[in-house]
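The values are calculated or read from the model by the stated rules, or taken from the named source; none is laboratory data. Just so it is clear, the model here is predicted, and its values are computed rather than measured. Neighbour counts are summed over all protein chains in view; Cβ atoms, including those assigned to glycine, are modelled from backbone coordinates with ideal geometry.
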Amino acid sequence: MPRLRGKDRGNMGRMRRILTALIIGSLLVFALSHGGAAAEESIPEVKKAVFAGSFYPADRHSLQVLIDGYLDSIDSTVDMPPGVFAVIAPHAGYVYSGKVAAYSYKAIQAKGFKTVVLLGSSHRSFFNGIALYSSGTWETPLGRVAIDSAMARKMASLCPNIKSLPRAFDEEHSLEVQLPFLQRTLKDFRIVPLLTGSVEKTDISALAETLATVLKQNKGKVLVVVSSDMSHYHPYSEAVRIDSSTLRLMGELNWKTLLEGISKKENELCAAPAVIAAMMAAEKLGGQIQLLQYANSGDTAGDKSRVVGYGSAALWQPDVKSTGPLTDTQKKRLLSLARKTLEEYVASRKIPAVDVREPRLLERSGVFVTLTMRGQLRGCIGYIRPMAPLYRSVMEMTVAASSNDMRFHPVGKEELKEISIEISVLSALKPVKSVSEIQVGTHGLYIVKSGNAGLLLPQVASQYRWSRDEFLQNTCTKAGLPENAWKDKETKIYIFSAQIFSE
């Protein structure tokens with residue numbers, strides 16, 4: 001190798017300094033853009049649809065007909081909850097998940113939402129924090145939808161980890177595929193697109209707080225759409241097992257156990273941070289989650305060797321107003337429905353069709369149905385939280401108590417005359433700060449810790465003449481916990497009352 005002369009060495013030094021400056025500059029740009037601290041990126045006036053023609057039809061008429069067909073195919077008897085403030089919908093190609101996604105949009109069809117927060121997790125772009133698309137419009141074959149820039153700024157001010165990062169959305173399908181459904185179900189709305197990148201639990205908590213604040217301040221005007229598929233590429237039966245566990249935890253608003261399960265790969269959601277944030281927000285608002293539909297690609301496409309799970313759910317806020325306690329006539333009506341359901345289901349495995357229009361029986365409440373025979377328990381199952389109109393819940397739980405209580409074999413025809421039915425209509429769950437609040441004989445208990453949960457109705461403590469401590473201990477045992485787990489700081493204890501009536 002030839003030796004460098006003095007002049008050559010000087011030139012080489014300058015070149016090295018220039019190269020060093022260029023490298024440092026490039027690294028700085030990369031770090032800023034990926035770390036969420038970059039200056040505002042330029043945003044195109046119109047974001048064109050990227051996945052029209054692949055995930056969904058590019059032709060306007062074909063797209064309208066397809067979506068409307070999905071919506072119209074949903075049975076009119078499906079109970080859609082009131083007070084919906086968020087939905088969870090899958091985001092695969094419409095041929096795979098469109099029918100499932102339609103249930104979420106049926107729940108909000110023709111509602112008066114003016115702003116829709118589109119929330120998902122990035123599939124193709126890598127960054128820290130939460131990316132925001134803060135201005136301009138998005139376009140699909142059905143037209144353009146404007147960004148709600150004012151709401152975008154509001155959310156960014158509430159949550160420091162929300163940063164304008166439009167490039168994160170360039171090749172992201174999970175939010176784009178939701179937009180045509182929104183365009184066919186809502187009118188005159190704007191959107192705020194958000195994507196989670198690499199986030200910590202504190203980021204999810206801050207996002208949840210922001211969602212809860214925005215929803216509370218704009219009740220009935222802001223909708224959150226969470227875009228997520230479920231388990232990926234398992235055999236059909238394994239996918240159903242995993243997704244059933246995930247849906248159960250979602251329905252219980254048990255985001256802590258779900259988060260643990262995801263970290264252990266026991267549960268799967270491709271937009272887990274987004275779903276967890278929505279669940280946390282629902283908890284802050286006193287909301288509930290109702291599963292609307294589940295299927296996987298084995299059901300919709302046929303290949304059951306490696307499937308992807310799709311779930312549709314609505315997050316809603318129960319109306320705390322009630323017309324008051326049930327009248328004797330209403331109690332008799334519910335007992336009559338339970339008896340009719342029991343007899344017809346045992347005989348034909350079908351739930352009878354009924355016409356119930358009385359407003360009080362259309363309200364939603366937690367409810368348990370207890371079956372006894374010759375004074376002994378024969379089955380008891382219920383909804384802890386409001387899930388469906390009261391009359392419908394009574395019918396469903398009658399079926400469950402007679403056929404799905406794993407402690408007993410299904411009720412047979414020969415037993416019907418000896419079966420007695422008791423119904424317990426629950427009040428809302430109330431967390432207790434001190435066990436001194438618990439009134440034995442008046443309150444039921446619901447205890448939760450580390451994913452384990454157990455419930456005992458008020459009449460159980462009275463029947464066995466338990467003290468308060470014995471009631472707590474037995475509820476812990478019912479939950480599969482040590483009997484003194486109620487003393488642990490991590491244990492959540494809830495009380496509720498019940499209207500109890502029987503044949």
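So that you can scan it fast, the table gives a plain yes or no per residue for (1) in contact with a helix residue (DSSP H, G or I) (Cβ under 9 Å, 6 or more places away or on another chain); (2) modelled with pLDDT of 95 or more; (3) in a helix (DSSP H, G or I):
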residue: Ile204; (1), (2), (3): yes, yes, yes
residue: Glu209; (1), (2), (3): yes, yes, yes
residue: Ala212; (1), (2), (3): yes, yes, yes
residue: Leu215; (1), (2), (3): yes, yes, yes
residue: Leu223; (1), (2), (3): yes, yes, no
residue: Val226; (1), (2), (3): yes, yes, no
residue: Tyr233; (1), (2), (3): yes, yes, no
residue: Glu238; (1), (2), (3): no, yes, yes
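Taking the range 348-381 as the range and being surrounded by 17 or more Cβ atoms within 10 Å (Cβ to Cβ) and of a type in the set (Gly, Ala, Ser) as the test, the residues that pass are Ser365, Gly366, Gly379.
Go through the range 264-289 and report how many residues are within 21 Å of Val307 (Cα to Cα) and assigned to a helix (DSSP H, G or I).
2
Checking each residue in the range 387-400 for being crowded, with 22+ Cβ neighbours inside 10 Å and not in a helix (DSSP H, G or I) picks out only Met387.
Kindly indicate whether any position in the range 220-232 is of a type outside the set (A, V, I, L, M), farther than 20 Å from Ala86 by Cα, touching a residue at least 12 places away in the same chain (Cβ under 8 Å) and in contact with a Ser or Thr (Cβ under 9 Å, 6 or more places away or on another chain). Write out each step before concluding.
First pass over the range 220-232, keeping only residues of a type outside the set (A, V, I, L, M): 220-221, 227-229, 231-232.
Pick out the ones that are also farther than 20 Å from Ala86 by Cα and you get 231-232.
Imposing the further condition that a residue be touching a residue at least 12 places away in the same chain (Cβ under 8 Å) reduces the set to 231-232.
Those left that are additionally in contact with a Ser or Thr (Cβ under 9 Å, 6 or more places away or on another chain): 231.
Within the range 220-232 (the criterion being of a type outside the set (A, V, I, L, M), farther than 20 Å from Ala86 by Cα, touching a residue at least 12 places away in the same chain (Cβ under 8 Å) and in contact with a Ser or Thr (Cβ under 9 Å, 6 or more places away or on another chain)), the answer is yes, since at least one residue qualifies.
Could you tell me whether Glu171 is over 24 Å from Lys201 (Cα atoms), over 18 Å from the mean Cα position of the chain (by Cα), assigned to a loop (DSSP other than H, G, I, E, B) and of a type in the set (Asp, Glu)? Answer is yes for this residue.
If only residues of the range 431-475 that are surrounded by 14 or more Cβ atoms within 10 Å (Cβ to Cβ) and either of a type in the set (Lys, Arg) or outside the structural domain of Gly375 (by TED's automatic domain parsing) (or both) are counted, the one that is nearest to Lys284 (Cα to Cα) is Lys449.
Output the residue which, of all residues in the range 349-373 that are touching a Ser or Thr at 6+ places or on another chain (Cβ under 9 Å) and of a type in the set (Lys, Arg), is nearest to Ile289 (Cα to Cα). Across the range 349-373, the extreme among qualifying residues is Arg364.
Within the range 357-369, the residues that satisfy the criterion of being out of contact with any Lys or Arg (no Cβ under 8 Å at 6 or more places or on another chain) and either free of Cβ contacts under 8 Å to residues at least 60 places away in the same chain or not in a strand (DSSP E or B) (or both) are Arg357, Pro359, Arg360, Leu362, Glu363, Ser365, Val367, Val369. Within the range 476-491, being within 29 Å of the chain's Cα centre (by Cα) and surrounded by fewer than 16 Cβ atoms within 10 Å (Cβ to Cβ) holds for Thr477, Gly480, Asp488, Lys489, Glu490. For the range 410-492, the strands (runs of 3 or more DSSP E) that sit wholly inside it and include 1 or more residues that are more than 23 Å from Val369 (Cβ to Cβ) and either touching a Lys or Arg at 6+ places or on another chain (Cβ under 6 Å) or of a type outside the set (Val, Ile, Thr) (or both) are 444-449, 452-456.
Contact map, the range 390-410: first residue under 17 Å from Lys332 (Cβ atoms), second residue acidic (Asp, Glu), Cβ cut-off under 7 Å, separation 6 or more or different chains; pairs are Leu390/Glu363. Leu334 meets each of the listed conditions (1) within 28 Å of Val275 (Cα to Cα); (2) among the hydrophobic types (A, V, I, L, M, F, W, C); (3) in a helix (DSSP H, G or I) apart from (1).
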